[in-house]
1. Restricting to region 1-13, and then to whatever is assigned to a loop (DSSP other than H, G, I, E, B) and at pLDDT 95 or above, can you tell me which residue is surrounded by the most Cβ atoms within 10 Å (Cβ to Cβ)?
2. Any residue at all in region 190-202 that's modelled with pLDDT of 95 or more, buried (at least 16 other Cβ atoms within 10 Å of the Cβ), touching a strand residue (DSSP E or B) at 6+ places or on another chain (Cβ under 7 Å) and in a loop (DSSP other than H, G, I, E, B)?
3. Consider region 51-79. How many of its residues are assigned to a helix (DSSP H, G or I) and over 22 Å from residue 165 (Cβ atoms)?
4. Can you find, within region 259-268, the residue that is nearest to residue 237 (Cα to Cα) among those that are in contact with a helix residue (DSSP H, G or I) (Cβ under 8 Å, 6 or more places away or on another chain) and surrounded by fewer than 16 Cβ atoms within 10 Å (Cβ to Cβ)?
5. Condition first: surrounded by 15 or more Cβ atoms within 10 Å (Cβ to Cβ) and outside any loop (DSSP other than H, G, I, E, B). Now tell me which residues in region 32-49 satisfy that.
6. Against the definition (assigned to a helix (DSSP H, G or I), exposed (fewer than 15 other Cβ atoms within 10 Å of the Cβ) and at pLDDT below 95), how does residue 228 come out, yes or no?
7. For region 66-77, which residues satisfy the criterion of being touching a strand residue (DSSP E or B) at 6+ places or on another chain (Cβ under 8 Å) and crowded, with 21+ Cβ neighbours inside 10 Å?
8. Since residue 29 meets every condition but one in (1) surrounded by 17 or more Cβ atoms within 10 Å (Cβ to Cβ); (2) farther than 23 Å from residue 153 by Cα; (3) at pLDDT below 95, which condition does it not meet?
């Protein structure tokens, strides 16, 4: 059975060899293929990838592309990667702990039901010294809430071909993040399995595009980021995303889900619609950087 590891790279030469080592030593009972979409790297990332594949005689397919950002790059990779029984999202700078892929594949099994597996993870510094030994206590289990709040990073996710087929039905080009769509669609069409074992060393360093440290509240930095966001709104639209999901999966939703998705699709239409969304329980979370940012973006139509 094949597991296709999906990676988006961008100027990742500093840490990528460690991640590649951890991928290809991770599993001997499955055929592992790495599919990479490079997001316009200016360093030697592509050279490192190709040389690694030749040196270690492992299958690495590299697709060079223009810089479109992490979310769109992963979305492209998701739609272009080859067929496999299982898929795993992968970041360029983390390290996987041995046994991740076999644990995921065995727990997912050979079912035709769409299944997404995820694990706990450990936050480390740039030298892989563990700073937080366990982060994820329970993944989000509400498909509507998952549109706004996803606590499962893509680097912990493994899913089956059945879910891949459902993900490819969503007709949208700009999304907030690929991992949000993955768990969102899994919750609508199938199920999510959570393994409490930490299988990923989630490296934090000065060049992270996204990461755990981005969840911390730093007032000055937060205000600066939001002023920049007001000036330059991000490309994705949560309302458009909700409409795309509703168009495909409406018949698999219960009446309550459909009602809430319909409400979300109207977020761009005016302040009253956004205020209605803000009253819903799925847009509320405990006080913190993420909850403040989400509600701010909803109110000002920035997401």
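The values are calculated or read from the model by the stated rules, or taken from the named source; none is laboratory data. Small disclaimer: the values here were computed from a predicted structure and weren't measured. In this analysis, Cβ positions are derived from the backbone assuming ideal geometry, glycine residues included, and neighbour counts consider all displayed protein chains.
1. In the first step, residues of region 1-13 are kept if they are assigned to a loop (DSSP other than H, G, I, E, B); the result is 1, 10-13.
So of that shortlist, the ones also at pLDDT 95 or above come out as 10-13.
Working: 10: 19, 11: 18, 12: 25, 13: 16.
Of everything passing the filter in region 1-13, 12 is surrounded by the most Cβ atoms within 10 Å (Cβ to Cβ).
2. Yes.
3. Going through region 51-79, the residues assigned to a helix (DSSP H, G or I) turn out to be 51-56, 70-79.
If we keep only those that are over 22 Å from residue 165 (Cβ atoms) too, we end up with 51-56, 70.
Number of matching residues: 7.
4. Residues of region 259-268 in contact with a helix residue (DSSP H, G or I) (Cβ under 8 Å, 6 or more places away or on another chain): 260-268.
Narrowing further to those that are surrounded by fewer than 16 Cβ atoms within 10 Å (Cβ to Cβ): 262, 268.
Values: 262: 14, 268: 8 Å.
The residue in question is 268.
5. 32, 33, 34, 35, 36, 37, 38, 39, 45, 46, 48, 49
6. Values: assigned to a helix (DSSP H, G or I): yes; exposed (fewer than 15 other Cβ atoms within 10 Å of the Cβ): yes; at pLDDT below 95: yes.
Taking the combined requirement at face value, the residue satisfies it.
7. Within region 66-77, 73, 74, 77 qualify.
8. The one condition residue 29 does not meet is (1).
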